[in-house]
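The values are calculated or read from the model by the stated rules, or taken from the named source; none is laboratory data. In this text, all values refer to a predicted model and were calculated from it rather than measured experimentally. Virtual Cβ from ideal backbone geometry, glycine too; neighbours counted across all protein chains shown.
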Amino acid sequence: MEKKYFVTSAEMKKYDKTTIEHFEVPSLVLMERAALETAEEIEKRFKKGSRVLVISGTGNNGGDGIAVGRILMQRGYEVDFVLIGEQAKCSKETRRQLDIIAKYECPMKSKIESMEYDIIIDALFGIGLSRNVEGIYKNCIETMNDICGFIVSVDIPSGINADTGEVMNAAVKADITVTFAYEKLGHILYPGCEYCGEVLCKDIGITDESFLGEEPLVYSYADRYKEQAAALMPARNRGGNKGTFGKVLVVAGSRNMSGACELCARSAYRIGAGMVKIVTPEENREIIQKNLPEALLSTYSDAEKPEAWEVFSQDLKESMKWADCIVIGPGIGKSGTAHRLFEYTVKESAKDLVIDADGLNLLAESEELQESLRTAALREGRQIIITPHVAEFARLYGCKPEEVKKDIISKTKKLADRLCGTVVCKDARTAVAHYEERCVYLNVTGNDGMATAGSGDVLAGIIAGLLAQGGKGREAALTGVFLHGRLGDLAAEKTGRYAVMAGDLTEQLKYILSDEGKRR
Ligand SMILES: NC(=O)C1=CN([C@@H]2O[C@H](COP(=O)(O)OP(=O)(O)OC[C@H]3O[C@@H](n4cnc5c(N)ncnc54)[C@H](OP(=O)(O)O)[C@@H]3O)[C@@H](O)[C@H]2O)[C@@H](O)CC1
Ligand SMILES: Nc1ncnc2c1ncn2[C@@H]1O[C@H](COP(=O)(O)OP(=O)(O)O)[C@@H](O)[C@H]1O
Ligand SMILES: [K+]
């Protein structure tokens, strides 16, 4: 699997330092290359003679900006330079850039004197932003946003936290962002990604060698998989039968709540599982048989009564033996029966498990069941995948949802370690961590059209369907999350984001896999 890295500002600084100190590439060479790449992007879009305003801060981001301005000036653009902050505080490299433009007799101003520019180079803060933006810096950002020019942010829009994507009190709204070596987390996470415009990531000579053996913590799939999503699928055996393509048991739905199990089961089928059996209350039988006749069914009624539970639990035991993997939770509610079903499935089954929705809320309430899961993973080798959205995650983790959003990467990893499983923390950018792996996957497919009831049930079904076809827990989760987002993107291309409904995601599986399947 080809990776694409998203780095923190500390990681980027480390790779920068390694390139300069270990590989002995001078820092001014890196700065010049960064500036040249940025200037060339402007030259592609604007003709000579265009009016350019360079806004620099005192750090190296400011130095990049001055160098961009100098290159453009030498190539026939009309460039004004403004430095915000005290010259005396400038970094060594930025001071050098100031000296160079002074030799070319370019005046450096200390405030913005005109609003008439075609292009604004935003080089106020880069990845060194360390606190909220206030006073003259905040005013400057607001003025940049008010000028009707095309804004090019150098490295990252000033005011965006490079590690979390947070707006640090004010931020530049760029048209394009030219970044260097690797995209930063702040370019990917919300709301930062909405401030970047188009992100162009340029090679300036800082390469994977600069990791010196320890790769960045966060990665995604390389861009090419967006076009070839099916390349991620487990190979399909032409001589296979419905048994070899895997059996999924879906324990879902509650009285008169059949939608969740239907969506989940249908998605497991559409991703390629051979057989899917639904365990749900008797009241849902008729509608499921009508809507999804392909599903096998095992129903229960009055399960809160000991005799009825006795009979049904034997049936459930058989179903669990039959299955290759089990998905539990969508729509099961939090009743006594749901609790019993959940406990039984965790404790009595030997199969891989996907836990979603109400299953997660039941899990959050029981330390004992969390311990059972750890035992299942460590002693029995069962693969456990949990798929909480941010609120469910917060309940399990024991924190507030806002805290999860601010720190989704490390919290997801910590919960995976605690439960000895794979954790899929679902949000606009979903994170996936596995207890045996240091690195965390961050998903970039999908869109807000997917924020619609039932789309989580679809994901749970997809992951279970991948597990049933022989996928390992971590791979099934990564592939499932990536494909799920692609389905959302394809659905939104067809109908627009407003109209997307959960069933549309499953529907897209017909198209996303068939094309690629032929090519393989
Ligand atoms: N790494 C690489 O690969 C390469 C990096 N390059 C470039 O270097 C950039 C990183 O440079 P950098 O480390 O000097 O940080 P930068 O973002 O310019 O700002 C730091 C300054 O801002 C200040 N400051 C911070 N917050 C503030 C606030 N809220 N309000 C007010 N002031 C605040 C802070 O001051 P202090 O906190 O010390 O008071 C300090 O003076 C990077 O983004 C890229 O463009 C390229 O040259 C090529 C290779
Ligand atoms: N703004 C968004 N961008 C991308 N994906 C999103 C966005 N909002 C929601 N999603 C995805 O949609 C799914 C919603 O799942 P969930 O919250 O469990 O819904 P439900 O419980 O209604 O089924 C998750 O996979 C999530 O990552
Ligand atoms: K910037």
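List of remarks:
- The set of residues from the range 141-163 being within 14 Å of ligand 1 (Cβ to nearest atom), of a type in the set (A, V, I, L, M, F, W, C) and in a loop (DSSP other than H, G, I, E, B) comprises ILE156, ALA162.
- Scan the range 235-262 for residues that are under 27 Å from the mean Cα position of the chain (by Cα) and surrounded by fewer than 18 Cβ atoms within 10 Å (Cβ to Cβ) and the total you get is 1.
- Of all residue pairs spaced 6 or more apart or on separate chains, those with beta-carbon atoms under 6 Å, a first member in the range 273-298 that is without any contact (Cβ under 8 Å) to a residue 60 or more places away in the chain and buried (at least 19 other Cβ atoms within 10 Å of the Cβ) and a second member that is among the charged types (D, E, K, R) and assigned to a strand (DSSP E or B) are MET275/LYS247.
- Of everything listed in (1) small (Gly, Ala, Ser); (2) in the same structural domain as PRO330 (by TED's automatic domain parsing); (3) crowded, with 20+ Cβ neighbours inside 10 Å, the single unmet condition for ALA308 is (3).
- Test: ASP64 is closer than 30 Å to PHE211 by Cβ and in the same structural domain as LEU200 (by TED's automatic domain parsing): yes
- Checking each residue in the range 216-227 for being touching a residue at least 40 places away in the same chain (Cβ under 8 Å) and either surrounded by 15 or more Cβ atoms within 10 Å (Cβ to Cβ) or not in a loop (DSSP other than H, G, I, E, B) (or both) picks out PRO216, LEU217, VAL218, TYR219, SER220, TYR221, ARG224, TYR225, LYS226.
- The range 276-296, residues that are of a type in the set (D, E, K, R) and outside any loop (DSSP other than H, G, I, E, B): LYS277, GLU282, GLU283, ARG285, GLU286, LYS290
- Qualifying residue in the range 469-477 (condition: of a type outside the set (Gly, Ala, Ser), under 12 Å from the mean Cα position of the chain (by Cα), more than 16 Å from ligand 1 (Cβ to nearest atom) and more than 13 Å from LEU505 (Cβ to Cβ)): no
- Residue in the range 346-357 that is in contact (Cβ under 8 Å) with a residue 60 or more places away in the chain, over 23 Å from GLN314 (Cα atoms), away from ligand 1 (no atom under 16 Å from the Cβ) and out of contact with any Cys (no Cβ under 6 Å at 6 or more places or on another chain) present: yes
- When we screen ILE119, ILE100 for residues that are touching a Phe, Trp or Tyr at 6+ places or on another chain (Cβ under 7 Å) and farther than 15 Å from THR58 by Cα, the only hit is ILE119.
- The listed residue being over 13 Å from MET12 (Cα atoms), of a type outside the set (Gly, Ala, Ser) and modelled with pLDDT of 95 or more, out of PRO191, PRO216: PRO191
- Of the candidates ALA162, ALA181, ALA222, the single residue that is within 30 Å of ARG474 (Cα to Cα), among the small types (Gly, Ala, Ser), away from ligand 2 (no atom under 16 Å from the Cβ) and modelled with pLDDT under 95 is ALA222.
- Segments classed as strands (runs of 3 or more DSSP E), wholly inside the range 51-139, with at least 3 members that are more than 16 Å from ligand 1 (Cβ to nearest atom): 51-56, 78-83
- Any pair with Cβ under 6 angstrom, 6 or more apart, that starts in the range 402-425 at a residue that is touching a residue at least 60 places away in the same chain (Cβ under 8 Å) and ends at one that is assigned to a strand (DSSP E or B): ILE408/CYS425; ILE408/ALA431; ILE409/VAL218; ILE409/ALA431; ILE409/VAL440
- Qualifying residue in the range 305-313 (condition: in a helix (DSSP H, G or I) and either closer than 24 Å to ALA377 by Cα or touching a residue at least 24 places away in the same chain (Cβ under 8 Å) (or both)): yes
- Among the residues listed as ALA265, ALA230, ALA273, the single one being in a loop (DSSP other than H, G, I, E, B) and either modelled with pLDDT of 95 or more or under 35 Å from the mean Cα position of the chain (by Cα) (or both): ALA273
- Some residue of the range 116-135 being under 21 Å from THR179 (Cβ atoms), in the same structural domain as GLY186 (by TED's automatic domain parsing) and away from ligand 3 (no atom under 16 Å from the Cβ): no
- From the list GLY165, GLY197, the lone residue that is buried (at least 24 other Cβ atoms within 10 Å of the Cβ) and within 16 Å of ligand 3 (Cβ to nearest atom) is GLY165.
- Restricting the range 148-162 to residues that are of a type in the set (Gly, Ala, Ser) and out of contact with any Gly (no Cβ under 9 Å at 6 or more places or on another chain), the residue that is surrounded by the most Cβ atoms within 10 Å (Cβ to Cβ): GLY159
- Residues (among the aliphatic types (A, V, I, L, M) and more than 27 Å from the chain's Cα centre (by Cα)) located in the range 315-341: LEU316, MET320, ALA323, ILE332, ALA338, LEU341
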